[in-house]
Amino acid sequence: MSIKVFAEKCTGCTLCVKACPFAAITMQERPESKRKLAVIDLDQCTLCSACIPSCKFNAIEIKAEKESSKDISHFKGIWVFAEQREGEIQPVAFELLSEGKKLAADLNCELAAVLCGDESIDKEINKLFEYGADKVYLLQHKELKDYRSLPYTRAIAEAIQKHKPEIFLLGATTMGRDLAARLAIRVGAGLTADCTGLSIDPVKKILQQTRPAFGGNIMATIISPNHRPQMATVRPKVFKKTKDLRPKTKDLNIIKFSPVINPEDLIVKILEVIKDESAKVNLQEAEIIVSGGRGLGDPKNFKLVEDLAKVLGGAVGASRATVDAGWISAHHQVGQTGKTVAPKIYIACGIAGKIQHLVGMQSSDTIVAINKDPDAPIFKVATYGIVGDVLEILPLLTRKLQESRR
Amino acid sequence: MEIVVCIKQVPDTTEVKINPETNTLIRDGVPSIINPFDENAIEAALQLREKHGGKVMVITMGPPQAAEALRAAIAMGVDEVALISDRAFAGSDTWATSYTLSQAIKKLGKIDLILCGKQAIDGDTAQVGPGIAEWLGIPQVTFAVKIEINNNVAKVERMLEEVNEVVEMPLPGVLTVVKQINEPRMPSLKGMLKAKKTEIKTLSAAVLEADPSNLGLNGSPTNVMKIFTPPPKGGGEMLQGDASEMVDALIGKLKERKTI
Ligand SMILES: Cc1cc2nc3c(=O)[nH]c(=O)nc-3n(C[C@H](O)[C@H](O)[C@H](O)COP(=O)(O)OP(=O)(O)OC[C@H]3O[C@@H](n4cnc5c(N)ncnc54)[C@H](O)[C@@H]3O)c2cc1C
Ligand SMILES: Nc1ncnc2c1ncn2[C@@H]1O[C@H](COP(=O)(O)O)[C@@H](O)[C@H]1O
């Protein structure tokens, strides 16, 4: 591949210099012209293509030396991975089916769910149809009861190779990310991580996958034009789950598939699952999160956060500083090293709002910040800010909410 | 025990700022650091070496200046480093990156354990570790928060959404680690001196005997179509009055938005 500036088209406007995230473009004098010329430092350039759309004069071109000659026209349909934990399909699967339905309409194709499990998973199948699946691929085997990378990769790769879906979506959960990353290599597919937006290019009919990068500072739209399936993991809670209201046919379309699992797929063994009783609520699935920071002053004041969360029916989050100090377990941590969350309401209590925390919560719908320092950076992302003492505001807010419910 | 740690040099995102006029990333003067999770991977490797003996090798794929990240790793106390660098690697997505790294690892001889960070803070994909495992045809365990090794079997605690899971993986295999696993050590004086003196070995595409059609932009199934800055959040509102008035105002606003 190569990147090239067409000297005759370059007007020296410097737009590309500003667009380059890697500072790889400089303007240089040219003897024959008053206008400067954009020159790309190939050691800095990562061929990220950010400069291409910035140029109003089509003066920059990236060319792949060879086009993929693979025939991909026989890949059809959209698949959604029906993530199940302990025999229960996770909400993200329904969110992806709901979104998948729209994409399937744009492509005029079928929407299918892929469900892995042992015999006991039968009870869950109907839910997939309720949320819009036209078809369910049921991959049943006793070794697929609980998720493990190797047997799941084996089973799903076999199904993909046999039935050739055009698009395969998974939740960007720990399971989805572990699985998708391995599966994409096995089936030779492109994989876009942690997407927050999906759409179909109306002309080329390919999947446009939009995701945050650089900790949410920029967004990128990514395509996999020449490889199938086009794979993406999608962040939970980004899409709304909506029931499919179309009348159901009597004969549900279930394709049973008994995958062959080899002994070498079973070398990793689950020994134990340690439950953290305090983290009963899954932060990434919570509609409301009340988060505490070091501004609470004392670990026992987390009680105030918990009380508010309880009244609101929400989950408890925390900043890294409080987790590091041992005030609360790491399962609650929000941010770059913790969880990325996007609830309807995020209430930050005594949290300064350093960038590592912000990248984990700034896409929440409504953000409320309570901090006694009016210059705390959390206020820059807050929908509503309260400058005040958390020890005073929190109990008051909890009590008034309780009263207003009565 | 022979351990390879894969590290990536990344911009320090705490300092990445957006130019509001041009809506682009300001990279001037933004320091490059070792991806924070990869420092934890190095620390985990050093602790395993202290316990079981052997060697810790660190590799990175990147432009020539990524050598600085390797020097920082030497300063922490690793034994050997290699820079995987070639124009042919430019534009790699996670597919091509994991292929290239796996080719490099094959060249390093018999390896017992490969450690990666959970994810890189620039791309945030978490895809390269499992990708390497698949290319090498060995098992993977992601999100490790505790590692113990006995008789060539790694017992690993993984940190998941709501629970931790303890698994057993026979070596060789790939582990990706989360931040909570340890506190990376500071560079030692001796290490810093060694880092200064060490000549960094570079591995090119030819040395790796890599299939050119799997490398760089050409070998990458995904393409970045466009990059943009997220639309700014609608202006926030500071609530006014005494504590009680502000709380009332907040409850009113949240009800208005039908969020509670
Ligand atoms: C590589 C890396 C990764 C990181 N990852 C994460 C991450 O994933 N998640 C994360 O959260 N952090 C992360 N951090 C750390 C982050 O930069 C901050 O250090 C951390 O978020 C600070 O937590 P805090 O806001 O609770 O504490 P502080 O920074 O101490 O802020 C406390 C705030 O409370 C306010 N306050 C004090 N008393 C009161 C009171 N009585 N009433 C109201 N307000 C009060 C103060 O004005 C202050 O603004 C990371 C850092 C690094 C370097
Ligand atoms: N260019 C690279 N060179 C070496 N290791 C890398 C590179 N890119 C990613 N890695 C490793 O893979 C992990 C996950 O990265 P990513 O999949 O990009 O989020 C990182 O923490 C590193 O351990």
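The values are calculated or read from the model by the stated rules, or taken from the named source; none is laboratory data. In this text the structure is predicted, and so the values were computed from the model without any measurement. Cβ sites come from the backbone with ideal geometry, for glycine too, and all protein chains shown count toward neighbours. In case anyone asks, the SASA skips ligands and DNA or RNA and just uses the protein heavy atoms, side chains included. Shrake-Rupley method; radii C 1.70, N 1.55, O 1.52, S 1.80 Å.
Take each peptide in B:50-63, A:87-100, B:190-203, count the other Cβ atoms within 10 Å of every residue, and average; sorted highest first, the result is A:87-100, B:50-63, B:190-203. With a 10 Å cut-off around each Cβ of A:342-354, the average count of Cβ atoms from other chains is 1.
How much net charge surrounds B:Glu43 when only the other residues with a Cβ under 12 Å from the Cβ of B:Glu43 are counted, with Lys and Arg +1 and Asp and Glu -1? That sum, taken over residues with Cβ under 12 Å, equals -1.
Normalising by the residue count of the stretch A:78-266, find the relative contact order in percent from Cα pairs under 8 Å and 6+ residues apart.
Working: 395 pairs, mean separation 52.6, N = 189.
Once divided by the residue count of the stretch A:78-266, the mean separation gives 28 percent.
Of interest is the spacing of the C-alpha centroids, which for the stretch A:349-405 and the stretch A:23-43 amounts to 47 Å.
Can you give the accessible area per residue of the protein assembly as shown, in Å², using a 1.4 Å probe?
Value for the protein assembly as shown: 42 Å² per residue.
Per-residue mean of foreign Cβ neighbours for A:326-339 is 3 (Cβ atoms of other chains, 10 Å radius). Dipole check for the protein assembly as shown: with +1 at the C-beta of Lys and Arg, -1 at the C-beta of Asp and Glu, and the Cα centre as origin, the magnitude is about 960 Debye. Rolling a 1.4 Å probe over the protein heavy atoms leaves A:Met219 with an accessible area of roughly 30 Å². So who's got an amide H within less than 5 Å of the one on A:Val273, skipping anything under 5 residues away but keeping other chains? H placed 1.01 Å off N, in plane. When sequence neighbours closer than 5 places are left aside, the close amide H contacts are B:Val166.
Using the Cβ-Cβ distance between A:Gln161 and B:Asn150 with R0 = 45 Å, the FRET efficiency computed as 1/(1 + (r/R0)^6) comes to roughly 0.75. Heavy-atom accessible surface of B:Ile227, to the nearest 10 Å², is about 50 Å², with a 1.4 Å probe and all protein chains retained. Considering only B:Leu108, B:Leu215, A:Leu401, the residue lying farthest towards the positive end of the dipole of the protein assembly as shown is B:Leu215, judged by Cα position with unit charges set on Cβ.
Share of carbon and sulfur in the accessible area of the stretch A:78-266 stands at 51%, probe radius 1.4 Å.
Secondary-structure-derived ellipticity at 222 nm for chain B, considering helices only, amounts to -9000 deg cm²/dmol, per-run term -39500 (n - 2.57) for DSSP H runs with n ≥ 4. The charge dipole of the stretch A:111-191, taken about the Cα centre with unit charges on the Cβ atoms of Lys, Arg (+1) and Asp, Glu (-1), comes to about 280 debye, rounded to the nearest 20. Restricting attention to the stretch A:78-266, close to 30% of DSSP beta bridges with both partner residues there are antiparallel.
Short-range pairs are left out: with C-alpha atoms under 8 Å and at least six residues apart, the relative contact order of the stretch A:283-404 is 25 percent. Of all DSSP beta bridges confined to the protein assembly as shown, the antiparallel ones make up roughly 40%.
By the rule of a second cysteine Cβ within less than 4.7 angstrom, chain A holds isolated cysteines at A:Cys10, A:Cys13, A:Cys20, A:Cys45, A:Cys48, A:Cys55, A:Cys109, A:Cys116, A:Cys195, A:Cys349.
Carbon and sulfur together cover what percent of the accessible area of the stretch B:61-129 at a 1.4 Å probe radius? Looking at the stretch B:61-129 in its full context, I get 56 percent from C and S.
Per atom type, the stretch A:2-63 shows carbon and sulfur on 55% of its accessible surface, probed at 1.4 Å. Only helices reaching 15 angstrom along their own axis (Cα) with mean Kyte-Doolittle hydropathy no lower than 0.0 count here, and for the DSSP H runs of chain B these are B:243-256.
Between A and B, roughly 8600 Å² of accessible area is buried in total, ligands, DNA and RNA not counted and the probe set to 1.4 Å. Gap in Å between the Cα centre of the stretch B:163-185 and the Cα centre of the stretch A:131-155? So the separation of the two Cα centres works out to 25 Å.
Straight-line reach from A:Lys127: taking Cα to Cα under 20 Å and skipping same-chain neighbours fewer than 8 places apart, the lysines in range are A:Lys101, A:Lys102, A:Lys135, A:Lys145, A:Lys237, A:Lys240, A:Lys241, A:Lys243, A:Lys248, A:Lys250, A:Lys256. Lys/Arg Cβ at +1, Asp/Glu Cβ at -1, dipole of the protein assembly as shown taken about the Cα centre: which of B:Gly131, A:Ala159, B:Val58 is farthest positive-ward? Positive-end residue among those listed: A:Ala159.
Pairs exceeding a 23 Å alpha-carbon distance, out of B:Lys55/B:Lys194; A:Lys36/B:Lys8; A:Lys372/A:Lys400: A:Lys36/B:Lys8.
Mind checking A:189-196 for the average number of partner chain beta-carbons within 10 Å of each residue's beta-carbon?
Mean number of neighbouring Cβ atoms from other chains: 5.
Averaging the sequence gap over all C-alpha pairs within less than 8 Å and six or more residues apart, then dividing by the number of residues, gives the stretch B:50-147 a relative contact order of 21 percent.
Put the Cα centre of the stretch B:29-46 next to the Cα centre of the stretch A:171-233 and the gap is 26 Å. The label-point distance for A:Glu403 and A:Val260, in a model that sets each label 7 Å from Cα toward Cβ, rounds to 7.1 nm. Which residue, chosen from A:Cys116, A:Thr196, A:Leu138, occupies the Cα position most advanced towards the positive end of the dipole of the stretch A:78-266, where the dipole is computed from +1 (Lys, Arg) and -1 (Asp, Glu) charges on Cβ about the Cα centre? Positive-end residue among those listed: A:Thr196.
If every alpha-carbon in the protein assembly as shown counts as one equal scatterer, what log10 I(q)/I(0) does Debye give at q = 0.10, 0.11, 0.12 1/Å? The computed values of log10 I(q)/I(0) come out as -0.99, -1.20, -1.41.
Taking packing as the residue-averaged number of other Cβ atoms within 10 angstrom, the listed peptides A:71-82, B:248-259 run from highest to lowest as A:71-82, B:248-259.
Each Lys and Arg contributes +1 and each Asp and Glu -1, all at the Cβ; summed about the Cα centre of chain B, the dipole is approximately 600 debye.
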